[in-house]
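The values are calculated or read from the model by the stated rules, or taken from the named source; none is laboratory data. Just so you know, these numbers come straight off a predicted model, no measurement behind them. Methodologically, a virtual Cβ is constructed for each residue, glycine included, from the backbone with ideal geometry; neighbour enumeration extends over all protein chains shown. Surface areas here come from the heavy atoms of the whole protein model, side chains and all, with no ligands, DNA or RNA. Shrake-Rupley method; radii C 1.70, N 1.55, O 1.52, S 1.80 Å.
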Amino acid sequence: MDSAAAARRGGGGGGLWDGLYRVLMRRNSVYVTFVVAGAFIGERMVDYGVHKLWDYNNVGIKSCYKFHSSLERELRAKSIKITEAFKLK
């Protein structure tokens, strides 16, 4: 029996790509749902990875920002501008 004829009838091996085609791409609604769900999951994975990479590269920055904002509040209370407080003489 010819393998092309067997594939047209639904018999025979087919492999992974044929199986994916049969499951995902035969109906437009299933294909669109698969693409939208894949985009959503992919976006979440990239967002999570970038967030972890950002936190790894900026470990001490948050405490530095807290120090800077508290210093800024203190200088504002004394009516001193930050640029004037750090001028070198």
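Tabulated values for the structure
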quantity	calculated
Unmet requirement for Asp18, which otherwise passes all of (1) surrounded by 10 or more Cβ atoms within 10 Å (Cβ to Cβ); (2) modelled with pLDDT under 85	(2)
Inter-residue pairs, beta-carbon under 9 Å, first modelled with pLDDT under 70 and in the range 65-79, second part of a helix (DSSP H, G or I), 6+ apart	His68/Ile82
Options Val59, Val36; residue that is open to solvent by 80 Å² or more (accessible area, probe 1.4 Å), at pLDDT 60 or above, outside any helix (DSSP H, G or I) and not charged (D, E, K, R)	Val59
